[in-house]
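Student: The following block contains the structure, expressed as structure tokens.
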Amino acid sequence: MNSNLALNPYCNKNTILFSNGEYCKATEKVIDLYGQTLHYGYGVFEGIRAYKTENGTKIFKVKEHYERLKRSCELINISFQYNVDELCEITYEVLRKNNFQDAYIRPLVYCSPNMSLTKPTQVSIMICAWEWGAYLGDTLLNITISSFCRPHPRSTKVEAKVCGHYINSILAATEAKEKGFDEAVLLDSDGFLAEGPGSNLFFEKDGKLFTPKTGNILPGITRATVFELCKELNIELFEGSYTPNDLQNADGAFLCGTAAEIIGINSLEKKNFNLNWENTLGKKLQTAYKNLVMEKQFAIQN
Ligand code: PMP
């Protein structure tokens with residue numbers, strides 16, 4: 001048995017994952033310590049959620065996630081040899097083999113040993129899953145503006161979900177927690193609001209919703225879902241370049257992502273938002289989102 005297992009809360013000796021064409025025990029899988037992804041962060045991944053719905057276990061927007069995995073690979077020149085529909089099927093099988101209904105799923109495309117700074121010769125995929133509650137919890141967040149900005153769009157492909165980008169996220173989230181906050185919001189390199197370390201940002205002012213435009217953010221699948229829900233709920237939504245001051249003067253705000261789902265923000269730099277969360281558009285969208293992922297009928301009539 002892997003001696004590091006005690007340190008790994010994401011699997012146990014029975015956990016099955018998919019790795020390069022076969023299902024195998026997580027503990028029996030060995031990865032190459034010379035891999036390019038481990039050394040340089042040159043790999044891509046996804047975060048997906050499965051829900052135990054009235055219609056059985058359903059993976060929310062599974063195809064969209066694998067399409068993004070493919071696009072992320074293409075954007076940074078990692079060859080993607082997999083069929084998206086097959087990956088969707090395999091993911092359901094990983095859940096079945098582990099008896100998971102509500103679960104978080106993590107596909108990772110990683111590269112073979114290559115110490116030079118060039119494209120890899122061999123690429124692998126693994127898909128694992130574990131049971132995981134809402135990433136940022138379910139109580140309202142107290143957030144701070146990070147001293148770290150998001151990577152500049154001319155320094156990397158910000159729209160790709162690249163492993164190495166998460167150094168920036170880890171630095172920002174750690175800094176926020178060390179300062180006594182729950183989460184950070186990062187600005188772009190021009191000082192406009194960008195996103196959370198692992199989530200997108202929305203804020204409300206005078207009954208309208210605002211969110212940073214694409215270009216400096218990961219365009220989230222949850223963010224796209226919020227757009228769809230706003231349409232259905234007749235909520236006016238604007239995308240643009242907004243300042244920390246705009247957020248400071250907002251009536252309410254929330255972060256959203258597959259792992260975090262929709263989670264309300266209580267305060268920015270310890271200053272509370274005007275509205276009680278229960279009366280915000282965010283709360284309305286949170287309920288609609290929950291209903292949608294749970295495949296409840298009349299998902300948006302709340
Ligand atoms: N921004 C960043 C930096 C993220 O890591 C995530 C999580 N994938 C998101 C936004 C939200 O994306 P999604 O809704 O697709 O999970």
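The values are calculated or read from the model by the stated rules, or taken from the named source; none is laboratory data. None of the values given here were measured: they were computed from a predicted structure. Cβ coordinates were reconstructed from backbone atoms using ideal geometry, including for glycine residues, and neighbour counts include every protein chain displayed. Ligands, DNA and RNA are excluded from the accessible area calculation, which covers all protein heavy atoms including side chains. Shrake-Rupley method; radii C 1.70, N 1.55, O 1.52, S 1.80 Å.
Student: Kindly indicate the residue of the stretch 44-58 that is among the charged types (D, E, K, R) and away from the ligand (no atom under 14 Å from the Cβ) and also surrounded by the most Cβ atoms within 10 Å (Cβ to Cβ) among those meeting that condition.
Tutor: So the residue we want is Lys58.
Student: State yes or no: is Arg71 open to solvent by 20 Å² or more (accessible area, probe 1.4 Å) and within 14 Å of the ligand (Cβ to nearest atom)?
Tutor: Yes, satisfied.
Every residue, every condition in (1) open to solvent by 10 Å² or more (accessible area, probe 1.4 Å); (2) within 11 Å of the ligand (Cβ to nearest atom); (3) under 21 Å from Leu69 (Cα atoms), yes or no:
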{"position": "Ile167", "(1), (2), (3)": "yes, no, yes"}
{"position": "Ala172", "(1), (2), (3)": "no, yes, no"}
{"position": "Glu178", "(1), (2), (3)": "yes, no, no"}
{"position": "Phe181", "(1), (2), (3)": "yes, no, no"}
{"position": "Asp206", "(1), (2), (3)": "yes, no, no"}
{"position": "Val226", "(1), (2), (3)": "no, yes, yes"}
{"position": "Ile235", "(1), (2), (3)": "yes, no, no"}
{"position": "Phe238", "(1), (2), (3)": "yes, no, no"}
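Student: Residue by residue through the stretch 103-112, note down the ones that are at pLDDT 95 or above and more than 19 Å from Ala160 (Cα to Cα).
Tutor: Ala103, Tyr104
Student: Are there any pairs, at least 6 apart or on different chains, whose C-beta atoms fall under 9 Å, with the first in the stretch 63-83 and free of Cβ contacts under 8 Å to residues at least 24 places away in the same chain and under 18 Å from Val158 (Cα atoms) and the second open to solvent by 10 Å² or more (accessible area, probe 1.4 Å) and in a helix (DSSP H, G or I), and if so, which?
Tutor: The qualifying pairs are Glu67/Val84; Lys70/Val84.
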